[in-house]
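Scroll down for the structure; my scribbles are underneath it.
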Amino acid sequence: MATAVADSDLLHKLDAQGDQFGIARNVEFLLRAPSAEKATTVASFINDYQYGVATAQGLDDSPSILVVVHMPIEQHAIQSVSGFMACVCELFELDYDGWGCLVQTQGVNAHSNQ
């Protein structure tokens, strides 16, 4: 439930900036891992099943997985993918840190994240 509320809040912020949700863009999801090994394992899982393009990062001090999915952010789509990322975190005992993307308006981009 908390993820859905946070997703809705971010969508409201993006809407206030004039975002056109139907325009596909790279959306970044951040999953925080307790260890470098777990980050590498989860990145491989996501890449193997082509759920997105995952990169294990910060392996020495703050391991995490950055997952990029090219998609529109209409509410039904972003909440489905965000919910899936939250489920992956539950499955692998990670912390889901939300998503962010560039605002897409008629030719103008700005950055916003949760």
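Laboratory data are not the source of any read-out in this text; all were calculated from the coordinates shown. Here the structure is a predicted model, which means the values were calculated and not measured. Here Cβ is always computed from backbone atoms with ideal geometry, including for glycine, and neighbour counts include all displayed protein chains.
Farthest toward the dipole's positive end in the chain, which of TYR51, LEU91, PHE21, given Cβ charges of +1 (Lys, Arg) and -1 (Asp, Glu) about the Cα centre?
PHE21
Starting from the Cα-Cα distance between ASP48 and THR105, subtract it from 0.36 nm times their residue separation and give me the gain in nm to one decimal.
Using 0.36 nm per residue and subtracting the Cα-Cα distance, I get 17.2 nm.
What percent of all Cα-Cα pairs in the range 43-88 falls into each 10 Å bin, going from 0 up to the bin containing the maximum distance?
25, 51, 22, 3
How far apart, in nanometres, would the label points at GLU74 and HIS12 be if each is projected 7 angstrom from Cα along the Cα-to-Cβ direction?
Simple spin-label model gives 2.3 nm for this pair.
Calculate log10 I(q)/I(0) of the range 9-65 for q = 0.24, 0.29 Å⁻¹, where I(q) comes from the Debye formula with a single equal point scatterer on each Cα and nothing for solvent.
Here the Debye-derived log intensity ratios amount to -0.85, -1.06.
Treat each spin label as a single point 7 Å out from the Cα along the C-beta direction, and report the LEU91 to GLN20 distance in nm.
3.5
So what's the chain giving for Rg/Rh, alpha carbon basis, Kirkwood Rh from the mean inverse pair distance?
Rg/Rh: 0.98.
Got the relative contact order for the chain handy, in percent, Cα pairs under 8 Å and 6 or more residues apart?
It comes to 36 percent, rounded to a whole number.
Per DSSP H run of at least 4 residues, take -39500 (n - 2.57); add these up for the chain, divide by its residues and hand me the 222 nm value, nearest 500 deg cm²/dmol.
The helix contribution divided over the chain gives -13500 deg cm²/dmol.
For the chain, give the magnitude of the charge dipole about the Cα centre (Cβ charges: +1 Lys/Arg, -1 Asp/Glu; no others), in debye to the nearest 20.
240
What number comes out for the charge environment of ALA36, summing +1 per Lys or Arg and -1 per Asp or Glu over other residues with Cβ under 13 Å away?
-1
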